[in-house]
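Everything on this sheet refers to the single structure shown next.
The values are calculated or read from the model by the stated rules, or taken from the named source; none is laboratory data. In this text the structure is predicted, and so the values were computed from the model without any measurement. Neighbour counts are summed over all protein chains in view; Cβ atoms, including those assigned to glycine, are modelled from backbone coordinates with ideal geometry.
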């Protein structure tokens, strides 16, 4: 398994099919997935991992497994995917952390590492994040890594907020 990024407490590595059970702990949890149409069943989690694997091949990045170094514990995913924001395809940082690990700064730590990777390795001039207007905790993570509101837009019939940061 290829380690992509390392931080003080975490490392990010490529997702593999063997991660289905661990990733299901966040993607199948109703509270964690309250801003999605519905929590994912096992088949959807498998498709999510396959989508990430395809992204690694197509873009050299995608969502990665977030591993807590202490105990080698799988705690979620975080990474950079190409997303459409009003007819513009842009690099977006996304994250899903298992509920037991919320409010410990892991999403922010992983997102900062992904932002640095996007700018320093992938050479993107800007990086985005977006979520539903109601998902305040994800917006706060984006703000903590320096993002500012870019625009409010509709996607999948819901109002979304996009945030952005430019490479200095």
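Residues in the range 152-164 that are surrounded by 14 or more Cβ atoms within 10 Å (Cβ to Cβ) and either modelled with pLDDT of 95 or more or in contact with a strand residue (DSSP E or B) (Cβ under 6 Å, 6 or more places away or on another chain) (or both): 153, 160, 161, 162, 163, 164.
Here are some conditions: (1) free of Cβ contacts under 8 Å to residues at least 24 places away in the same chain; (2) in contact with a strand residue (DSSP E or B) (Cβ under 8 Å, 6 or more places away or on another chain); (3) surrounded by fewer than 17 Cβ atoms within 10 Å (Cβ to Cβ). Residue 147 meets all but one. Which one does it not meet? That leaves (3) as the condition not met. If the condition is being crowded, with 20+ Cβ neighbours inside 10 Å and either modelled with pLDDT under 95 or at positive phi (or both), then the range 119-130 contributes only 130. Residue 168 meets the conditions (1) modelled with pLDDT of 95 or more; (2) out of contact with any strand residue (DSSP E or B) (no Cβ under 9 Å at 6 or more places or on another chain) in every case but one. The failed one is (1). I'm trying to understand the selection: among the residues of the range 20-45, which are in contact with a strand residue (DSSP E or B) (Cβ under 6 Å, 6 or more places away or on another chain) and more than 20 Å from residue 131 (Cα to Cα)? If the condition is that a residue be in contact with a strand residue (DSSP E or B) (Cβ under 6 Å, 6 or more places away or on another chain) and more than 20 Å from residue 131 (Cα to Cα), then 22 is the only one that fits. Selection within the range 137-168: residues that are touching a helix residue (DSSP H, G or I) at 6+ places or on another chain (Cβ under 6 Å) and not in a strand (DSSP E or B). The member of this set that is nearest to residue 99 (Cα to Cα) is 141. On inspection, residue 44 fails the criterion of being out of contact with any helix residue (DSSP H, G or I) (no Cβ under 8 Å at 6 or more places or on another chain) and free of Cβ contacts under 8 Å to residues at least 24 places away in the same chain.
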